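The values are calculated or read from the model by the stated rules, or taken from the named source; none is laboratory data. Bear in mind that the values here come from a model prediction, so they are computed numbers and not experimental data. Virtual Cβ from ideal backbone geometry, glycine too; neighbours counted across all protein chains shown. Side chains are part of the model used for accessible areas, which takes the heavy atoms of the whole protein and leaves out ligands, DNA and RNA. Shrake-Rupley method; radii C 1.70, N 1.55, O 1.52, S 1.80 Å.
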Amino acid sequence: MKLEPIILSLLDTDLYKFNMDQVIFHKHTDLTGEYYFKCRNEGIVFTEEMFREINAQIDYLCSLRFTKEELDYLRAIRFIKNDYVEFLRLWRPIREYVETSLSPEGELSIVVTGPLFSAMQFEIYLLEIVNEVYFRMKYDYEELRASAKERLDKKIKDFNDGKYTFKFAEFGCRRRLSREWEDVVIRRLSRETQNCVGTSNVYFAMKYNIKPIGTYAHEFVQMYQGIDSIPLAYTNHYAMGDWYDEYKGDNGTALTDTITTDLFLLDFNRSMVNNYTGVRHDSGDPFEWGEKIINHYKKYDVDPRTKQLLFSDSLDFDRAQALYDHFKDKAKVSFGIGTFCSNDTEEEALNIVIKLQYVNGRAVAKLSDTPTKAMCRDEDYLKYLKSSVEFRINREKIKMN
């Protein structure tokens, strides 16, 4: 079974890939990165046929280039700079950066190695490819699509009937059922409800003239762990500093949990609180997190109602509504909702990731506010990072007392 090309445009990725890459292009072109694929579901088997198709799709991906229309669209985004767009005119995905293998037991391995400004771009494309190949080749795709349509119909009805009152952005490209189905989801949610205000997928944002939405991911903070001159427990400080220097407060939503929110808040000082429009939640209890952030704003005499709380951790609409009802009078509340929009079928969605694991040959890690989300190939380094974070937090507590 041979599939049609899955990636048709290099814009078919999350906006935050361009946001982060622009900072790297201007400030850290000397960094190299290694990314590793992981499937978090138990018992998932990739067949030889799937493996061959995944490689054929990667080959096709690496034949693509940005078109003039696509570059003009990026240039029109307020905070994307012309010199970076001109770089993208020359850039292409390089096939030699991607190594794939399949174990006899059907475990898929993907490793991306190269200059960080280039290697980082593969993540979303590869996840889109793996996901669509798996679901099209393992199941009856039309049956999956029919179950997805039935569920989407109900979601739209629930919005229009007033069951759900929050607004959100679709964040589903990395684990979507297919490109074709994400297209349907975004078109219908944005046109048939008043609640979908944008998407992280730049290609569909352009296609449907809706807002492209995104900030930065964990890898952006992680990469500073690979810079020798930066103490591990201060990587948020340097990451936020570079981000502000690049965007001057525009595009200003900070991710809190790369090496725990408690550590993040030590660097989210009065200056950063004022410079950033809000913060994003991606692990740990969202209600506890939201109250902690609100109290932090109050500590600096900032009205939390002027700041945004963006929730994006494995949300469905019921959970989003509960969060909205709880926080709507306390802060600006928004949501990024992914798999529940783009791959809600009768079958369990894949929980697949491609994570940055080395920078300039040094191990890096995400700690998260959910310990089971930690991912690092070097256990000794992970222990050292945890101890560095704990040491700084404890030292700051002593200072405060």
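Listing for the model above:
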{"read-out": "Residue match in the range 362-370 (condition: open to solvent by 10 Å² or more (accessible area, probe 1.4 Å), in a loop (DSSP other than H, G, I, E, B), of a type outside the set (A, V, I, L, M) and without any contact (Cβ under 8 Å) to a residue 60 or more places away in the chain)", "value": "no"}
{"read-out": "Filter result for the condition that a residue is part of a loop (DSSP other than H, G, I, E, B), closer than 23 Å to residue 126 by Cβ and at pLDDT 95 or above, over 329, 344, 301", "value": "344"}
{"read-out": "Some residue of the range 80-89 being within 17 Å of residue 215 (Cα to Cα) and among the charged types (D, E, K, R)", "value": "yes"}
{"read-out": "Residue identified as within 30 Å of residue 108 (Cα to Cα), open to solvent by less than 80 Å² (accessible area, probe 1.4 Å) and β-branched (Val, Ile, Thr) among 393, 354", "value": "354"}
{"read-out": "Filter result (of a type in the set (A, V, I, L, M, F, W, C) and under 17 Å from residue 386 (Cβ atoms)) within the range 231-259", "value": "232, 233, 259"}
{"read-out": "The range 207-244, residues that are out of contact with any helix residue (DSSP H, G or I) (no Cβ under 8 Å at 6 or more places or on another chain), in contact (Cβ under 8 Å) with a residue 60 or more places away in the chain and closer than 30 Å to residue 179 by Cα", "value": "218"}
{"read-out": "Matching residues, the range 317-337, being in contact (Cβ under 8 Å) with a residue 24 or more places away in the chain and either open to solvent by less than 60 Å² (accessible area, probe 1.4 Å) or hydrophobic (A, V, I, L, M, F, W, C) (or both)", "value": "317, 320, 321, 323, 324, 327, 331, 333, 334, 335, 336, 337"}
{"read-out": "Residue in the range 89-101 that is more than 25 Å from the chain's Cα centre (by Cα) and touching a residue at least 24 places away in the same chain (Cβ under 8 Å) present", "value": "no"}
{"read-out": "Any chance residue 199 is among the hydroxyl-bearing types (Ser, Thr, Tyr), touching a strand residue (DSSP E or B) at 6+ places or on another chain (Cβ under 7 Å), open to solvent by 40 Å² or more (accessible area, probe 1.4 Å) and farther than 26 Å from residue 33 by Cα", "value": "no"}
{"read-out": "Selection within the range 78-94 - surrounded by 13 or more Cβ atoms within 10 Å (Cβ to Cβ) and out of contact with any Phe, Trp or Tyr (no Cβ under 8 Å at 6 or more places or on another chain)", "value": "81, 85, 92, 94"}
{"read-out": "Cross-chain or 6+ apart pairs with Cβ under 6 Å, the range 70-82 first and on the phi > 0 side of the Ramachandran plot, then part of a helix (DSSP H, G or I) and open to solvent by 10 Å² or more (accessible area, probe 1.4 Å)", "value": "none"}
{"read-out": "Of all residues in the range 276-302 being more than 22 Å from the chain's Cα centre (by Cα) and open to solvent by less than 60 Å² (accessible area, probe 1.4 Å), the one that is farthest from residue 247 (Cα to Cα)", "value": "291"}
{"read-out": "Residue in the range 174-196 that is farthest from residue 155 (Cα to Cα), counting only those that are free of Cβ contacts under 8 Å to residues at least 40 places away in the same chain and open to solvent by 50 Å² or more (accessible area, probe 1.4 Å)", "value": "180"}
{"read-out": "Residues located in the range 103-139, provided they are free of Cβ contacts under 8 Å to residues at least 40 places away in the same chain and either of a type in the set (S, T, N, Q) or surrounded by 15 or more Cβ atoms within 10 Å (Cβ to Cβ) (or both)", "value": "103, 118"}
{"read-out": "Which numbered condition residue 142 misses (of (1) buried (at least 19 other Cβ atoms within 10 Å of the Cβ); (2) part of a helix (DSSP H, G or I); (3) not aliphatic (A, V, I, L, M))", "value": "(1)"}
{"read-out": "Residue that is surrounded by the fewest Cβ atoms within 10 Å (Cβ to Cβ) [pool: residues in the range 12-41 that are aliphatic (A, V, I, L, M) and over 15 Å from the mean Cα position of the chain (by Cα)]", "value": "31"}
{"read-out": "Tally, over the range 253-292, of residues that are of a type outside the set (Ser, Thr, Tyr), farther than 16 Å from residue 213 by Cα and not in a loop (DSSP other than H, G, I, E, B)", "value": "18"}
{"read-out": "Residue check, residue 264 open to solvent by less than 10 Å² (accessible area, probe 1.4 Å) and within 29 Å of residue 201 (Cβ to Cβ)", "value": "yes"}
{"read-out": "For residue 164: the one exception among (1) open to solvent by 10 Å² or more (accessible area, probe 1.4 Å); (2) within 22 Å of residue 318 (Cβ to Cβ); (3) assigned to a helix (DSSP H, G or I)", "value": "(3)"}
{"read-out": "Single residue of the range 13-69 satisfying the filter (touching a Gly at 6+ places or on another chain (Cβ under 7 Å) and hydrophobic (A, V, I, L, M, F, W, C)) that is nearest to residue 97 (Cα to Cα)", "value": "31"}
